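A.B. asks: One structure is given below, represented as structure tokens, and several questions about it will come after.
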Amino acid sequence: MSVPTVSPRGVAETRRMLAGHMNELGLLAIIVILYGVFGALSPGFLSANNQVNILRDGATIGIAAWAQTLVIVAGEIDISVGPMVAFIAVIMAFLMKVPVPLPFALIGGVVLGLCLGSLAGVLRAIFSVPSFVATLGLWSALRGLALFMTNALPVTFDDNDTLDWIGDNVFGLPVSAVVMVILFGVFVFVSRKTAFGRSVYAVGGNANAAHLCGINVTRIRILVFAISGLMAAITAIMLLARLGSGNAGAASGLEFDVIAAVVVGGTSLSGGRGSMLGTLLGVLTITVIGDGLVLYGINSFVQDVVRGVIIVVAVLLNVAASRRSGRHV
Amino acid sequence: MSASTQSIGGQSAADRAILLSARGITKQFAGVEVLRDVDLDLYAGEIHALLGENGAGKSTFAKIVAGVHRPSRGVLLLNNARIEVLSPLAAQKLGITLIHQEPISFPDLSISENLALGRDDGKPLGRVRWAELKREANSLMAQLGIMIDVTRPMRGLSIADQQMVEIARALASESKLIIMDEPTAPLTPKEVETLFGISRQLRNEGRSIVFISHRLEEVRALCDRVTIFRDGNKIATEETKNLTDAEIIRLMIGREVKGYIPKHKTTVGEVALAVEGLTLPGRFENISFEIRKGEIVGLGGLVGAGRTDVARAIFGVAPAASGTIAVNGQVVEIREPADAVAQGLAFVPEDRAVAGIFRTLPVSQNITAAVPEMIAPKGFIRHGLERTIALDSVKKMMIRLVSPRQPIGELSGGNQQKAILARWLLTDPKILILDEPTRGVDIGVKAEFYEMIGALAASGRAILLISSELPELLALSDRVLVMSEGQLTGDFARGDATEESVMHAAVPRRKVVGDAQAAA
Ligand SMILES: Nc1ncnc2c1ncn2[C@@H]1O[C@H](COP(=O)(O)OP(=O)(O)OP(=O)(O)O)[C@@H](O)[C@H]1O
Ligand SMILES: [Mg+2]
């Protein structure tokens, strides 16, 4: 061939690398701006104490968001996160109250999370219930069940040192934040370096083609929901440790923050595209907005409005960036 | 969203009325120039071919004219008036329709609804007259010689039928300019003939057609003039009759290409694949044949004869209801594509957009999608290794791209096809099922494909080749099977298979009654 098949290499590749990370760079800029604005508005914002708060709040969103990223990349969605976290926390609190030894209570919660997630996955993958509907059902049922079982009252249990430790700090960092960071590493690894991670992208990119490539599409779909349930259980443990009681109304609206973080992070709701790093930045953005607005002390209804606007703007910038780089059709 | 027109006077009239002129059209994607200063005039009432290698820029030019892409530079003139085509709808209003290379449709809507879509009579709340739509759809499809129930959903239609629906939609639009981007790629000679008849009729009505194809004989049969693209440049525009095939190829590629490569002489071994009594009610019945190691068995027939259904059944995509499949003499159970892959089968599907590519994923991941163990020798993916393997395939298949990280959706149609073939060659299959493997592949690369397919057979692979291109089928196959209406109706040895004998076996024997129901 007279034409080189891989034409102007170096430049084009660098350009593409940059274009591929426009979204992350943009989010980084947004976070820096948010820090500047909130730091100027409320003096307490930049304090070490508040940074620890941001980390702790971030963990609540982040752990579930890592799993949600896989779910959304696979072309699905899990909106049952908030009620599932609350329900699992309540069940664990009941177990502690009996009292069941802590390890067994926690394992019980984890198994429950896996089962509930798998249930959503089976509904989607085997019975072809759209995932939005399947998890909407869980969302409603789990919240209702938790409220019914507890009469909307907190479920208390005896103090437990280990659980207290989980709710506390190590080396000045919240344990939950440390768990979040470790899990982030695990999810980055899974999504980039394992055949499973690859398959998740393939199924979300084109399920027909994935099927032809010998990928077990059904299994991948069930697995991503099971993982989402597992992460809900871990979030529930963090929540239980932090609050010291099981609360049926806890984590309300968490699914909103989690999905917002993933989408702000550049993951496409139509599947097949997204990254953990993007979600990490998305989680930071969402958390910083929440924390900054609370510290500034504006009306909590107005907070929701501002948050909504910032989320949409972030995604708009994201789309604009990818269009500029020619990625968008 | 609307088209603005402003007059540019003083254009000297050529001896023929010019419908559309492109002046200095340039297009960049992410800084890479894929069209460079293209000037082109289309006459009213002509059929004009666009030719060029894969990735030369034909589809991009078509999409610019039809409002899918905006040019980076340059202007379009319609009847000597400058136009801004801001969207496909704007193009539609200007009387420009594009039949896409990959048919786009709404799979859950019926054929008649798909035909009615995008037709804007300016009354957003106007009532839909369903009965009328259905009647119109029926007459359109009849005009194209397609007997099909227009109330059935698009989902599940063969790629050829989808293509015919796209063509019907363009016909219904009454456009002055219809651009057909490789409309014939999935069609068999019979449909192609119908399409040509209609195209000539449209030309005689004074409408213009831009026809993109990689088949020179079609261009010669149909087109008044040809324009040749190479690497984003327009190389020449000429009357078709003034150019020989060799000249066209030289302009396109800049070198000679080998013609159809007769298959390497090979010694045929034991039976690799044997299917016996394969039946899927409503699709195909009692299909039995064998393929030996080193043998290429062609499967011919008209569109809708059930060839793809048989291939999908063998590969476990939509398994047969009864019958057996034996690999190397052992009867195997193939319920899933994964089972087929485990048995050493590979399947290149006809419909690359729906079943082939992962549009959003990098080319490298697309190429290695079926060989996870190859890029993860110790269980974990090695990105460097993946890149090396992908680049190796890119070189071997001459895939034209900017970077292996590029999403495959950005490649031209033919280059996507090469990547899919590369994907399956990496699995080192023992039995290959190729469904229209050269669909959308340019002349130069086709010759390379033929050589590659021949070499695969020579190295002991068994190959089932489904192709609607008769010359290709006849040149490559050791044996040609023919299907008609879900049954095997012909089995010809290499010497006995001619265009006539194959077509004769392909045409339905019994007259069909109530095909509309049969199709549903
Ligand atoms: N959206 C896009 N982003 C980036 N590059 C693109 C995009 N669309 C097309 N290209 C590039 O533009 C070039 C021309 O592509 P085009 O689809 O016009 O080729 P073509 O002549 O139609 O080829 P084929 O015969 O294979 O269909 C190719 O190199 C392709 O990779
Ligand atoms: Mg094209």
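A.B. asks: Quick one: would you say B:ILE367 is in contact (Cβ under 8 Å) with a residue 24 or more places away in the chain, over 24 Å from the mean Cα position of the chain (by Cα) and open to solvent by less than 50 Å² (accessible area, probe 1.4 Å)?
C.D. replies: no
Quick grid of which residues meet (1) touching an Asp or Glu at 6+ places or on another chain (Cβ under 6 Å); (2) polar (S, T, N, Q); (3) at pLDDT 95 or above:
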residue	(1), (2), (3)
B:LYS395	no, no, no
B:VAL402	no, no, no
B:ARG405	no, no, no
B:ARG423	no, no, yes
B:LEU434	no, no, yes
B:ASP442	yes, no, no
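A.B. asks: Specify which of the listed residues (B:ALA326, B:ALA311, B:ALA376) is surrounded by fewer than 24 Cβ atoms within 10 Å (Cβ to Cβ), within 13 Å of chain A (Cβ to nearest Cβ) and either in contact with a Cys (Cβ under 7 Å, 6 or more places away or on another chain) or in contact (Cβ under 8 Å) with a residue 12 or more places away in the chain (or both).
C.D. replies: Result: B:ALA311 is the single residue among B:ALA326, B:ALA311, B:ALA376 that is surrounded by fewer than 24 Cβ atoms within 10 Å (Cβ to Cβ), within 13 Å of chain A (Cβ to nearest Cβ) and either in contact with a Cys (Cβ under 7 Å, 6 or more places away or on another chain) or in contact (Cβ under 8 Å) with a residue 12 or more places away in the chain (or both).
A.B. asks: Can you work out which of the residues in region B:439-453 that are within 14 Å of ligand 2 (Cβ to nearest atom) and not hydrophobic (A, V, I, L, M, F, W, C) is nearest to B:LEU473 (Cα to Cα)?
C.D. replies: Per the criteria, the residue is B:ARG439.
A.B. asks: Among the numbered conditions (1) open to solvent by less than 10 Å² (accessible area, probe 1.4 Å); (2) among the hydrophobic types (A, V, I, L, M, F, W, C); (3) more than 16 Å from ligand 2 (Cβ to nearest atom), tell me where B:LEU117 comes up short.
C.D. replies: Evaluating B:LEU117 over (1) open to solvent by less than 10 Å² (accessible area, probe 1.4 Å); (2) among the hydrophobic types (A, V, I, L, M, F, W, C); (3) more than 16 Å from ligand 2 (Cβ to nearest atom) leaves (1) as the failure.
A.B. asks: Now a separate question. Among all residue pairs at least 6 apart or on different chains, which show Cβ distances below 7 Å where the first residue, located in region B:208-232, is open to solvent by less than 10 Å² (accessible area, probe 1.4 Å) and the second is among the acidic types (Asp, Glu)?
C.D. replies: From region B:208-232, the pairs are B:SER208/B:GLU46; B:ILE212/B:ASP181; B:ILE212/B:GLU182; B:SER213/B:GLU182; B:VAL226/B:GLU238; B:GLY232/B:GLU33.
A.B. asks: If you don't mind, there's one more thing I want to ask. Open to solvent by 50 Å² or more (accessible area, probe 1.4 Å), of a type in the set (D, E, K, R) and at pLDDT below 95: is that true of B:GLU270 in this structure?
C.D. replies: On the way: open to solvent by 50 Å² or more (accessible area, probe 1.4 Å): yes; of a type in the set (D, E, K, R): yes; at pLDDT below 95: yes.
Yes: the conditions hold for B:GLU270.
A.B. asks: Of everything in region B:408-424 that's free of Cβ contacts under 8 Å to residues at least 60 places away in the same chain and more than 8 Å from ligand 1 (Cβ to nearest atom), which residue is farthest from the other protein chains (Cβ to nearest Cβ)?
C.D. replies: Let us first name the residues in region B:408-424 that are free of Cβ contacts under 8 Å to residues at least 60 places away in the same chain, namely B:408-409, B:422-423.
Retained after the next criterion (residues that are more than 8 Å from ligand 1 (Cβ to nearest atom)): B:408, B:422-423.
Numbers: B:ILE408: 9, B:ALA422: 12, B:ARG423: 8 Å.
Here the answer is B:ALA422.
A.B. asks: So which helices (runs of 4 or more DSSP H) are wholly in region A:111-203 and hold at least 1 residues that are hydrophobic (A, V, I, L, M, F, W, C) and surrounded by 22 or more Cβ atoms within 10 Å (Cβ to Cβ)?
C.D. replies: Because the criterion is at least 1 residues that are hydrophobic (A, V, I, L, M, F, W, C) and surrounded by 22 or more Cβ atoms within 10 Å (Cβ to Cβ), the helices (runs of 4 or more DSSP H) in region A:111-203 that meet it are A:131-150, A:175-193.
A.B. asks: Given the structure, is B:GLY356 at the interface with chain A (Cβ under 8 Å from one of its Cβ atoms), under 16 Å from the mean Cα position of the chain (by Cα) and surrounded by fewer than 22 Cβ atoms within 10 Å (Cβ to Cβ)? Give the derivation first.
C.D. replies: Values: at the interface with chain A (Cβ under 8 Å from one of its Cβ atoms): yes; under 16 Å from the mean Cα position of the chain (by Cα): yes; surrounded by fewer than 22 Cβ atoms within 10 Å (Cβ to Cβ): no.
No; evaluated as a whole, the condition is false for this residue.
A.B. asks: Just for region B:193-221: of the residues that are more than 16 Å from ligand 1 (Cβ to nearest atom) and in contact with an Asp or Glu (Cβ under 7 Å, 6 or more places away or on another chain), which one is nearest to the other protein chains (Cβ to nearest Cβ)?
C.D. replies: B:SER208
A.B. asks: Where in region B:55-120 are there helices (runs of 4 or more DSSP H), lying wholly inside it, with at least 2 residues that are within 16 Å of ligand 1 (Cβ to nearest atom)?
C.D. replies: B:58-65
A.B. asks: Let me ask another. Out of everything in region B:43-71 that is closer than 17 Å to B:ARG203 by Cα and open to solvent by 10 Å² or more (accessible area, probe 1.4 Å), what residue ends up being nearest to ligand 2 (Cβ to nearest atom)?
C.D. replies: Top of the filtered list is B:TYR43.
A.B. asks: A follow-up question, please. Between B:ILE399, B:ILE431, which is within 18 Å of the chain's Cα centre (by Cα) and either touching a residue at least 12 places away in the same chain (Cβ under 8 Å) or within 11 Å of chain A (Cβ to nearest Cβ) (or both)?
C.D. replies: Result: B:ILE399 is the single residue among B:ILE399, B:ILE431 that is within 18 Å of the chain's Cα centre (by Cα) and either touching a residue at least 12 places away in the same chain (Cβ under 8 Å) or within 11 Å of chain A (Cβ to nearest Cβ) (or both).
A.B. asks: Return the pair list, or none, for Cβ contacts closer than 8 Å from residues in region B:25-51 that are not assigned by TED's automatic domain parsing to the domain that holds B:GLU239 to residues that are within 16 Å of ligand 2 (Cβ to nearest atom), at least 6 apart or on different chains.
C.D. replies: Cβ pairs passing all conditions: none.
Per-residue answers, yes or no, for (1) part of a helix (DSSP H, G or I); (2) over 26 Å from A:VAL111 (Cβ atoms):
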position: A:ALA226; (1), (2): yes, no
position: A:ARG242; (1), (2): yes, no
position: A:VAL262; (1), (2): yes, no
position: A:LEU280; (1), (2): yes, yes
position: A:ILE298; (1), (2): no, yes
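A.B. asks: Could you tell me how many of the residues in region A:22-47 are hydrophobic (A, V, I, L, M, F, W, C), touching a residue at least 12 places away in the same chain (Cβ under 8 Å) and farther than 19 Å from A:LEU277 by Cβ?
C.D. replies: Residues meeting the conditions: 4.
A.B. asks: Could you tell me whether any residue of region B:148-159 is outside any loop (DSSP other than H, G, I, E, B) and not aliphatic (A, V, I, L, M)?
C.D. replies: Yes, region B:148-159 has at least one match.
A.B. asks: Here's something else I'd like to know. Tell me the residue from B:ARG129, B:ARG36, B:ARG135 that is away from ligand 2 (no atom under 16 Å from the Cβ), under 28 Å from B:CYS223 (Cβ atoms) and surrounded by fewer than 20 Cβ atoms within 10 Å (Cβ to Cβ), please. Explain how you work it out, then say what you get.
C.D. replies: Numbers: B:ARG129 fails: under 28 Å from B:CYS223 (Cβ atoms); B:ARG135 fails: under 28 Å from B:CYS223 (Cβ atoms).
Of B:ARG129, B:ARG36, B:ARG135, the one residue that is away from ligand 2 (no atom under 16 Å from the Cβ), under 28 Å from B:CYS223 (Cβ atoms) and surrounded by fewer than 20 Cβ atoms within 10 Å (Cβ to Cβ) is B:ARG36.
The values are calculated or read from the model by the stated rules, or taken from the named source; none is laboratory data. From a predicted model like this one, the values you see are computed outputs, not experimental measurements. All Cβ positions, glycine included, derive from the backbone under ideal geometry; neighbour counts span all protein chains shown. Protein only, heavy atoms only, side chains kept; ligands, DNA and RNA dropped before computing areas. Shrake-Rupley method; radii C 1.70, N 1.55, O 1.52, S 1.80 Å.
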